[in-house]
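Everything below concerns the one structure shown next.
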Amino acid sequence: MTASWLPAVAVGLPFAAVVPIYLSRTRPNLREAWTFLAGAGAFVAVAATVSPVLDGARLTAATGVSYLGVPLALSVDPFGALFGLLAATLWPVTSLYSVGYVRRLDEHAQTRYFAAFAASVGSTLGVAFAANLLTLFVFYELLTVATYPLVVHEESAEARDAAAKYVAYTLSGGAALLAGLVLLSVAAGSLSFVPGGLDGLATDPTLARAAFGLLIVGFGVKAAVVPVHGWLPSAMVAPTPVSGLLHAVAVVKSGAFGLGRVFMYLYGPDAVRELGVAAPVVGAAVLTMLGGGVLALRAESIKGALAYSTVSQLSYIVLGFALAAPTAAFGALLHIPAHAFMKITLFFAAGAVSVETGAKSIRKLPGLARRLPVTLAAFAVAAAGLAGFPPVAGFVSKWYLVLGALRSDLPLTAAAFLLAGTLKLLLFWPMVAAAFFEEPPRSIGRSGASEAAADAASLPDGGAHGDVDARGGRALDSLVAESSPALLVPVALAVAGALLLGLVPERLPFWDLARAVVAEVFA
Amino acid sequence: MTALAAAPPAVVFLVAAAVVRLAPRRSGHAVAALAAAAVVPWLVSVPAGAHLAGRLYGFEVVPFGVDGVSRLVGLVFAFVAAANVVYAYGSGTTRGQTATAVAYMGASLGAVFAGDWLTLVVWWELMALSATILVWQSKSATRQAYRYAVYHQLGSVLLVAGVLTHFAATGTFLYADGIAAGLPRLLAAAGVALNVGVLGVHVWLVDTYPTPHVATSVVLCGFTTKVGVYALHRVVPEGSLVVAYLGAAMLVVGVTLAVLQTKLRRLLTYHIVSQVGYMVAGVGVASALAVDGAFAHLVNNVLYKTLLFMVAGVLVLRTGEESLKRLGGLWRTMPTTAGAFVVAALAITGTPGFAGFVSKGLVVDSADAAGLEVLWWLLVAGGVGTVLSFAKFGYYAFLRAPSSDDDGSGGEASASGERPRDANRAQTLALALLAVPCVAFGVAPELLLSLLPGNAPGAKVFALSQFEKAGATLLFGLVAFAALRGPLGRISHVPDLDAVYHPAGAALRDRSATAVRNAARTFDRAAVGVVERCRRVALAPHAFAAVGVRESTLGRTVLLVALTAAVAVATLVLA
């Protein structure tokens, strides 16, 4: 336990950026610069914690404030570093995308947007670096408050309803969380995160189980576990960068992170097994994985499909933790960054499509790849990853999750992972095929012979008798109007991340951090 | 580590695919064909062993493992890949289509040279992915591509489950004695069986292969099922009677259904099922002779089956017709194509002097040597059926005079009324490239036998009994064709299991999606209703007084609820 200013800087910088953002509201470029400065600073601070943490140090920062004997303090351990690194890496990328998005659409209230974004990321980092459950709870609720302006950004009736639903769900979850926190503190006498779980929980099983149930419900709301997932699909009314970072990465991953803390650092695998509390969570996770995957098939908008797919994918992580076995937990820890990069690519691509062409519905997809080839290629790669194809990140985490399930006490749950992956294929392949291989509804300017030849070449009989002179040139150059760089670069960065995590995962810090978590929890 | 083992050959193919996509069409195709051809001598001279051993995703892997079987399969894949690229150039594919095809063939090579299950699974998934894209690129076949993806996903799921349960049982992915017996073996074999096209799950072949661009069919026909056979041997190296008889069933049922087909590529696709049956039977018997026979047959089959699909492709491209009933008399205007057909047909029917004679003899002999009489009869019967169906193909497409066709549509041999031209230069080169080994391996079988892993112990290649069997098969087959030509001519469409699977699958998907959505909606409405009710009560308790609920009653109820909750909490805390 070494005192360090790094966690305080990492959490404090995003919050500190809120004031300058408001002060420079009349000068957009300066205002955006504060976001990027804070993002760079937070990233450097978080990245600097990784090596010491892997060496075994625990970097702490106390605030001096405590409630009823429980201090509000920050501490970086491998699990926190993994989540914090993910959030800190994706915030600058999302900020670049946000700039492109809000300026292209000329959104109102941009200052409020960027300020709330910074506060949300700060809260997320606070959740990651919380030293005990009380601190985590404080930042968790702050996250709800900070994300509210983002969900309600549009200020339309639909947005207000969605935001009201979001707040109703998450604050109710927060109430359950508080109740569980209180009961846990009575049952165990402490709220600190201890690898392998707190001692003394088995002395009062009923109380421990009640606390467990409340904590699971509280975190489960943000982790979008059925039946408390209802806020996520309606929150898609928020602007796409918000859906991308927050509702596919920060908010939902906070819920999953909290569940991980409960299973590994508060209760621990042994207590979970003794108390027999894992079974309902396993059941709910399987239900969510499969139900979310099936519901996605009926979605009409692209973002709606992505929302249900998020619901389903998050329960991969929940199930991995709930199986309380080392390989399964490792798979879940790998899936946290893997899913984040893939899902963000998908959301960014969907947002670029909606900005550039106005298409929001799945029915508008046919032929779009002619206009936005790179964007939709990234979409296709990320979709392949979610279905579990190598060399995208989803293959590696799926591999470990299935292996982990087979080695756990409930090997049949492996079937749930494999079936859920199949459901993703059923969802995404028609979308990808429509975008790349179907004709757009109206002719968008056919450029003559070469395109006709290219089309003819795709028919079984080559489209003509005799030699087909397919010059095979880039016939569709004249139609390509790729997204603007501010939108395209983040898409490319995110998909590159997903590919790196799928090709050489051991070279990235997430791998070693996940290994460290498993080593200290399941020792 | 020698320079020859510096990288797996799949990498060469992937690079070549990029070149095809980016370079001008002619030079790109030339580079790819030459690269594939260069892989052949490379594979002949690379030393056997487990090369490039390392770690992938935290597990020990061998990305480039060479032994007798993998070398043999890799050689024929590389050779046929070169011919396929030349054919694609001549058949008017786009650069994207050829690039995807080269990537697909590269992934197949990757799977064959995998030295461990993890590498195999990775390349297996990439094969499925690239084949899906390849079929998609023939835009007329979008639904078939989707179904292909779904079938192969189901197969992958079973294979992954088998491989991971194997790892859970043994702790390693490296190839040892096949997959661990019991559940792992069952799962892995089921997953591989889908790729192989075992009866019952063979329908994806018939659904997908005849529909896309002809060059795509040519590429697809030679790879996925053969990688499946190879993988089956790795899964069950000591064989199994069940597998042997499954192979015999594939052979007999496949050839029967083939005889009943009237569309060119559909007929050939059923033949894939049938010929793969020989290989599966050999893998099932699994004596050294049987394995040699199975893989010799794989080599020959890739050669002449690709040749047949190329012939069919030229016919379709030149005449615009897929149906045998509307063709005829083409030997006059398309002599090269007809000649290639004759070579391939003689090879597939096992005529002495052509490739199939030797390898079929090996498989049939191995059944005899293992004492499996029923299997022996089934294999021989399948041979008769093969002769019958290729007699039919040759007769309808090439021999019979066009004006005497059965459904009276009369006139010229092609839909457009012109005399169709023969294969162009590139296509002819491709046909020739494949026809040469079909003859060479038949006339000088030592060329093939020397490459076989077990050196074919006990192979009596030129024994009199072989000629007798081949002669009898040919005779029976031709007589059967003459006798059955009339009735066969009246059949047009024969349904298969896909008429059951596809509607059932779609119904399952749609019904469950709708059911789950309705359940979710009901739940959501109920939850929102409860919250709404609470909200209204909380915000305006007086309103309820107006509806008849007295305030004192409301207050008493709230008090009661609060007291109950307090008692519960106190009990929990103090207990």
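Any read-out appearing in this document is the output of simple, stated calculations on the displayed coordinates, not a laboratory observation. None of the values given here were measured: they were computed from a predicted structure. Every residue, glycine among them, receives a Cβ derived from its backbone with ideal geometry; neighbour counts consider all protein chains shown.
Can you tell me how region B:238-496 classifies by the Cα gyration tensor, rounded, prolate or oblate, using a/c under 1.5 as the rounded cut? It comes out prolate by the Cα gyration axes.
The helix-only estimate of mean residue ellipticity at 222 nm for chain B, built from DSSP H runs of length n ≥ 4 each weighted as -39500 (n - 2.57), is -24500 deg cm²/dmol after division by the residue total. With contacts taken as Cα pairs under 8 Å at a separation of at least 6 residues, chain B carries a relative contact order of 13 percent. In terms of the mean number of neighbouring beta-carbon atoms within 10 Å, the peptides A:352-362, A:7-17, A:55-65 order highest first as A:7-17, A:352-362, A:55-65. Axis of helix A:413-437 versus longest Cα principal axis of chain A: the two differ by about 30°, to the nearest ten degrees.
Cross-link partners of A:Lys303 among lysines, defined as those whose alpha carbon lies under 19 angstrom from its own and excluding same-chain residues fewer than eight positions apart: A:Lys165, A:Lys222, A:Lys253, A:Lys343, A:Lys360, A:Lys364, A:Lys424. Residue by residue along A:58-70, Cβ atoms of other protein chains within 10 Å of the local Cβ number 0 on average. Annotation: amide H of B:Val61 within the under-5 Å range of B:Gly54, B:Arg55, B:Leu56, sequence separation 5 or more or interchain, hydrogens built in the peptide plane. Counting Cβ atoms of other protein chains within 10 Å of each Cβ in B:145-154 and taking the mean gives 3. Only DSSP H runs of four or more residues enter the estimate; each adds -39500 (n - 2.57), and after division by the residues of chain A the mean residue ellipticity at 222 nm equals -23000 deg cm²/dmol.
Counting, for every residue in A:244-252, the Cβ atoms of other protein chains within 10 Å of its Cβ and taking the mean gives 0. Any idea what angle helix A:278-296 forms with the longest principal axis of chain A, computed on alpha-carbon atoms, 0 to 90 degrees, nearest 10? In chain A, helix A:278-296 runs at an angle near 20 degrees to the longest axis. When restricted to Cα atoms, chain B yields an Rg and a Dmax of 29.7, 109 Å, respectively. Here the contact order of region A:132-252, divided by its residue count and restricted to Cα pairs under 8 Å and six or more residues apart, works out to 33 percent.
Quick check on region A:91-136: take the gyration tensor over C-alpha atoms, sort the square-rooted eigenvalues as a ≥ b ≥ c, and tell me if it's rounded (a/c under 1.5), prolate or oblate. Prolate shape, in that a/c is at least 1.5 and a/b is the bigger ratio. In units of the compact-protein estimate 2.2 N^0.38 Å, region A:231-352 shows a Cα radius of gyration of 1.09.
Give me the lysines in straight-line cross-link reach of B:Lys392: C-alpha distance below 18 Å, same-chain residues under 8 apart excluded. Candidates past the 8-residue exclusion: B:Lys263, B:Lys305, B:Lys325. Take every Cα pair under 8 Å whose residues are at least 6 apart in sequence, average their separation, divide by the length of region B:1-236, and the relative contact order is 19 percent. Taking Rh as the Kirkwood radius, which is the inverse of the mean 1/r over Cα pairs, what is the Rg/Rh value for region A:294-345? With Rh from the inverse mean 1/r over Cα pairs, Rg/Rh is 1.07.
Rg over Rh for the protein assembly as shown works out to 1.03, both radii taken from alpha-carbon positions and Rh defined as the Kirkwood radius. Here is what passes the span test in chain B: the DSSP H helices with alpha carbon length of 30 Å or more along the helix axis and a Kyte-Doolittle mean of 0.0 or above are B:25-45, B:68-90, B:142-170, B:264-285, B:288-319, B:373-394, B:464-490, B:551-574.
Using Cα-only point scatterers and the Debye equation, what is log10 of I(q)/I(0) for region B:1-236 at each q in 0.11, 0.12, 0.18 Å⁻¹, rounded to two decimals? These q points yield log10 I(q)/I(0) values of -0.53, -0.63, -1.34. For A:Asn132, nonlocal amide neighbours, meaning residues 5 or more places apart or on other chains whose placed amide H falls under 5 Å from its own, are A:Ala73. Rounded, prolate or oblate, given the Cα gyration tensor of region A:45-167, with a/c below 1.5 counting as rounded? Judged from the Cα gyration tensor, region A:45-167 comes out oblate (a/c at least 1.5, b/c at or above a/b). 3J(HN,Hα) along region A:368-383, derived from phi through the Karplus expression 6.51 cos²θ - 1.76 cosθ + 1.60 where θ = phi - 60°, amounts to 5, 5, 5, 8, 10, x, 5, 4, 6, 5, 4, 4, 5, 4, 5, 5 Hz, with x in place of Gly and Pro. Taken over region A:158-284, the alpha-carbon convex hull comes to 91 cubic angstrom per residue. By how many degrees, 0 to 90 and rounded to 10, does the Cα axis of helix A:509-521 deviate from the longest principal axis of chain A? Tilt of helix A:509-521: around 30 degrees. Here's how it looks for B:Lys263: its modeled amide H is under 5 Å from those of B:Leu324, which are all 5 or more places away or on a different chain. Over all pairs of different C-alpha atoms in chain A, the reciprocal of the mean inverse distance, the Kirkwood hydrodynamic radius, equals 23.4 Å. Once Rg and the Kirkwood radius are both taken over the C-alpha atoms of region B:24-147, their ratio Rg/Rh works out to 1.02.
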